[in-house]
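The structure under discussion appears below in the form of C-alpha cells.
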Amino acid sequence: MEPKKNPNIDVGRNSGLYFAIGLNIMLLFTYLTMEHKTFETSKVILENIEMEDVFEEDIPITDLNMPPPPPVLSAPETITVVEDTKDIEETVLESTETDQEEKIAERIVEVEEVQVEEVEEEVSVPFSVVEKVPIFPGCSGNTNQELKDCFSKKINEHITKNFKYPQTALELGIYGRVIVLFVVDKEGNITNIQSRGPDKMLEKEAERIIGLLPQMKPGLQRGNPVTVPYSIPINFKIQN
C-alpha cells in the first residue's frame, strides 16, 4: 500500500524542534528586554562666565625720612698699660669641716632666775551664798542675814530717793519692769551695770539710779574680798 504524502515534505515532522528554537528565542528576547536599562537625561544649562582681568594698581614707593644710622665707634688706636704697684693679699680659706676626733666645745648658757608674777584671780560669789555680804554704808548687824536685809532695805530707799520718771516715756505712756544687774567689786565700787526692760529710756534711768550708789565694804569669802553680783527689779508705773 503506498503512502499518501511524501515524508520529505511533511511539515509536522520537525515541529518539536522548531517549537524549542522559538521558545529559546522568545526567552532570549524577554531576558534582554528585562535587563535593558534606561537613564533619565537632565537638561544641562551651559552658561558662559566672562572673567575680567584683575587690575593691579602700582603702589609708588615713597622715600621715608629715616634717621641716619648711628656712627660706628672705633677702638682707640693706642692702648696704655698702667702698672699696678699695689700688692694683692691672698685670702686663705680654712676648712670648717670637723672629724670624729675633734671635740665639740660645750657652751653653757646661764639662765637667770625667773620671777613669776602672781596674778590674783577675780573670784565672783553670788549674793545669796557669799559668807559675808557687802556692807552698805550705815548698815550693821551681828549675822550675815541681818546684813543682807539691811543691804536690800538701803538699796530700795536709794532707788525711791533718786527715782525720776523720764518725761518722754511718761508722755508716751511707756511703763514696765526693768531688771538691773550690777557688781560690787573687791574695792566696794559699783561696776558692770546692765539693765533689761521694755524700753531704752527706762533702762537708762534705772542704770543712772544704780550708778549713784555709794562705795561699800566689799564682800568676803574665807576672809578674802571677792566680787559680788546683785540684781534688783525697778518698776515704772504710771498712776492715773
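Residue count for the stretch 175-206 satisfying the condition of being in contact with a Ser or Thr (Cβ under 6 Å, 6 or more places away or on another chain), crowded, with 17+ Cβ neighbours inside 10 Å and under 12 Å from I234 (Cβ atoms): 4. Pairs meeting the criteria (first residue in the stretch 169-188 and free of Cβ contacts under 8 Å to residues at least 40 places away in the same chain and closer than 19 Å to L220 by Cβ, second residue open to solvent by 40 Å² or more (accessible area, probe 1.4 Å) and in a loop (DSSP other than H, G, I, E, B), beta carbons under 9 Å, at least 6 apart or on different chains) are E187/Q215. Among the residues of the stretch 136-170, the one identified as under 50 Å from the mean Cα position of the chain (by Cα) and open to solvent by 80 Å² or more (accessible area, probe 1.4 Å) is Q167. Please determine whether any residue of the stretch 147-154 is touching a Gly at 6+ places or on another chain (Cβ under 9 Å) and either farther than 30 Å from Q239 by Cα or at pLDDT below 90 (or both). Looking through the stretch 147-154, at least one residue is touching a Gly at 6+ places or on another chain (Cβ under 9 Å) and either farther than 30 Å from Q239 by Cα or at pLDDT below 90 (or both).
The criterion of at least 2 residues that are under 29 Å from S140 (Cβ atoms) and acidic (D, E) is met by none of the strands (runs of 3 or more DSSP E) wholly inside the stretch 159-240.
The values are calculated or read from the model by the stated rules, or taken from the named source; none is laboratory data. Computed from a prediction, not measured in an experiment: that's the story for all the values here. Cβ sites come from the backbone with ideal geometry, for glycine too, and all protein chains shown count toward neighbours. Just so you know, the surface numbers come from the protein's heavy atoms only, side chains and all, with ligands and any DNA or RNA stripped out. Shrake-Rupley method; radii C 1.70, N 1.55, O 1.52, S 1.80 Å.
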